[in-house]
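The structure appears below as structure tokens.
Laboratory data are not the source of any read-out in this text; all were calculated from the coordinates shown. Everything numeric in this text was worked out from a predicted model, so none of it was measured. Cβ sites come from the backbone with ideal geometry, for glycine too, and all protein chains shown count toward neighbours.
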Amino acid sequence: MTGPRPAALIPHAVLAQWLAPARRPGAVGYTAVYYKEQSRPADLAAQLAEMIAHAKCNLESLRRLLQRVGWLKASARLAPSKRPAGRHGDFGEVLAIGLLEEFGNIHVPVVKLRIQMDPEQSLHGSDVVGFHLALDSSGKLLVEDLEFLEVKCRTTRDKQQAAKAHKQLVDDRAAQFADTIEFLQLRLEELGNPELLEAFETYLAARDTDPEGRYRISLVFDEDEWRDDELDELPDPPDLCAPLTVEVVLVNHLQTLIDETWDAVPAVALSE
């Protein structure tokens with residue numbers, strides 16, 4: 001996209017310092033991108049905690065509330081899920097959004113975690129929707145395509161995660177992503193960005209029967225638990241959603257990093 005770009009809701013600059021992407025040859029029917037750690041910043045957990053906090057709330061508003069209301073000592077919105085799967089899922093979703101923005105130049109204007117009423121709530125529809133944006137010759141904002149993404153974050157061996165994520169994309173596509181499309185339209189209207197809302201509705205109206213779009217699976221795994229045969233569980237074309245990108249993020253001692261990140265989240269709301 002040329003010209004001014006909408007500001008990202010979640011800061012993600014640390015990802016370029018931490019992870020390096022590389023395409024993996026040999027994938028049939030999809031593009032495989034692997035991210036591996038190139039170096040780990042000393043304050044990585046704190047920066048990832050900042051990303052989670054921005055995904056969950058408007059930090060400026062939250063800090064103002066905590067400063068003015070003395071009996072509120074902590075943020076309920078930033079509390080981690082009591083379930084490991086919930087903590088891992090939120091961590092993976094925020095990381096996936098950052099990867100779209102930082103490495104894909106794909107905008108994510110609506111972050112579902114911001115409307116999560118409590119950390120145990122699981123929201124329906126696609127985990128993340130990325131917007132491929134452009135400007136026409138007159139400078140008008142266009143949505144060129146949407147990218148529907150499912151995220152799986154695992155610290156233990158699980159061979160079925162890619163297949164499960166793909167099945168979710170298949171099911172949502174069969175329903176024309178109706179709940180996700182309506183949710184996006186409502187949120188864009190509430191966010192008060194009429195230019196982006198108009199571009200989104202124009203994109204949808206130009207489609208004959210469905211939003212078409214692109215598809216992405218983001219797999220965040222502990223590096224020691226990953227095996228490449230995980231991707232062998234994906235269906236073969238033409239049963240494969242297309243065009244599809246599968247990104248694999250391999251992290252050393254992922255469980256420790258997730259725990260350290262969530263431990264650092266409460267302090268984010270109190271810092272300036």
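Brief remarks follow.
- Rounded to the nearest 500, the 222 nm mean residue ellipticity of the chain from helices alone is -12500 deg cm²/dmol, with -39,500 (n - 2.57) taken per DSSP H run of at least 4 residues.
- Protection-proxy order for peptides 138-149, 205-216, each taking the mean of Cβ atoms within 10 Å per residue, highest first: 138-149, 205-216
- Label assignment, percent of Cα pairs over 23 Å apart derived from the structure, set (i) 54; (ii) 57; (iii) 64: (i)
- Distance from segment 209-232 to segment 153-192 (C-alpha centre basis), Å: 13
- Reach of residue 152 by Cα under 21 Å, taken over lysines that are not fewer than 8 positions away in the same chain: 36, 56, 82, 112, 164, 167
- Mean Kyte hydropathy of -0.5 or more with a Cα span along the axis of at least 24 Å, helices from DSSP in the chain: 84-104, 254-270
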